[in-house]
Amino acid sequence: MSSLDRVASINRPSLHEELTDRLRTMIVEGLLEANAKVPERELCEKLGVSRTPMREALKVLAADGLLTLEPNKGARVRAITLEDLEEVFPLMGALEAVAGELACKNISDDQLAELKRTHETMLGHFKNSELQEYFSHNQRIHEIIMQAAGNQTLATMYRSLAVRVRRARYVANMSTERWQQAVDEHDEMIVALDKRDGQLLGTILKRHLENKFATVRQWLEQQVEL
């Protein structure tokens, strides 16, 4: 037996996933601006990757609806449009409602404990007006609920849409009143999960997303006026 037989292969898919996640976050947080051409060569140098994994990651993000691939021109960041979101938000609301009902049936004690810890941390960021950190923990709460639902098909459908909602939520200006309302809705989610009331949680999640869309719609309409 050769001594090399014990050497594990390099897990290249992890590079692909990490690169895709990094680029996705850059788009969501506005580091790669809407309508701007993606600077592939510069990003390859900054991130220490070759053009091949970069282009594969860009294809994934184009499938997510975040980029447009232009023949012989590269990739361009798609702008957020009201028309796109009018399609996405109702679907997300339906998926989250179903996830809430399933989560109340299937959530484990460990998952519920993690969700409550994340909720408390999120509240701390809210009190300190730390919006980026608040969003991060907010997102984690919704991910735990989806995981607790225990339905892989539902989770796959959700992930393909969630990034577009996340991006819209990140760029839209959220008033103090709306932020407080969102926190109150999260408090209601915890109560519903404690009661294992799936119908109630589904209703709260759907309303939560409808209110989120109202905030994004208002922001988009203001951009048009400008």
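Here's a check for you: in region 22-35, which residue that is in contact (Cβ under 8 Å) with a residue 40 or more places away in the chain and surrounded by 13 or more Cβ atoms within 10 Å (Cβ to Cβ) is farthest from residue 76 (Cα to Cα)?
First pass over region 22-35, keeping only residues in contact (Cβ under 8 Å) with a residue 40 or more places away in the chain: 24, 27-30, 32-35.
Remaining after also requiring surrounded by 13 or more Cβ atoms within 10 Å (Cβ to Cβ): 24, 27-29, 32, 34.
Details: 24: 13, 27: 11, 28: 14, 29: 16, 32: 9, 34: 8 Å.
The extreme case among them is 29.
If only one of 142, 119, 125 is closer than 17 Å to residue 99 by Cα, assigned by TED's automatic domain parsing to the domain that holds residue 191 and surrounded by 15 or more Cβ atoms within 10 Å (Cβ to Cβ), which one is it?
Values: 119 fails: closer than 17 Å to residue 99 by Cα; 125 fails: closer than 17 Å to residue 99 by Cα.
Only one candidate qualifies: 142.
Mind checking which residues of region 81-107 are touching a helix residue (DSSP H, G or I) at 6+ places or on another chain (Cβ under 7 Å) and either without any contact (Cβ under 8 Å) to a residue 24 or more places away in the chain or of a type in the set (S, T, N, Q) (or both)?
106
Given the conditions (1) surrounded by 14 or more Cβ atoms within 10 Å (Cβ to Cβ); (2) assigned to a helix (DSSP H, G or I), report the number of the one that residue 86 does not fulfil.
In the conditions (1) surrounded by 14 or more Cβ atoms within 10 Å (Cβ to Cβ); (2) assigned to a helix (DSSP H, G or I), residue 86 misses (1) alone.
Restricted to region 145-179, and to residues that are hydrophobic (A, V, I, L, M, F, W, C) and more than 18 Å from residue 91 (Cα to Cα), which residue is surrounded by the most Cβ atoms within 10 Å (Cβ to Cβ)?
First, pick out the residues of region 145-179 that are hydrophobic (A, V, I, L, M, F, W, C): 145-146, 148-149, 154-155, 157, 161-163, 165, 168, 171-172, 174, 179.
Imposing the further condition that a residue be more than 18 Å from residue 91 (Cα to Cα) reduces the set to 148, 171-172, 174, 179.
Details: 148: 23, 171: 15, 172: 20, 174: 20, 179: 15.
The residue in question is 148.
Out of the residues in region 46-73 meeting the condition of being at pLDDT 90 or above and not in a helix (DSSP H, G or I), tell me which one is surrounded by the fewest Cβ atoms within 10 Å (Cβ to Cβ).
Ranking the candidates gives 48 first.
If I ask for residues that are surrounded by 15 or more Cβ atoms within 10 Å (Cβ to Cβ) and either more than 28 Å from residue 192 (Cα to Cα) or of a type in the set (D, E, K, R) (or both), which ones from region 89-112 would you list?
Matches in region 89-112: 96, 101.
The values are calculated or read from the model by the stated rules, or taken from the named source; none is laboratory data. None of the values given here were measured: they were computed from a predicted structure. A quick note on method: Cβ atoms are made from the backbone with ideal geometry, for glycine too, and the neighbour counts reach across all protein chains shown.
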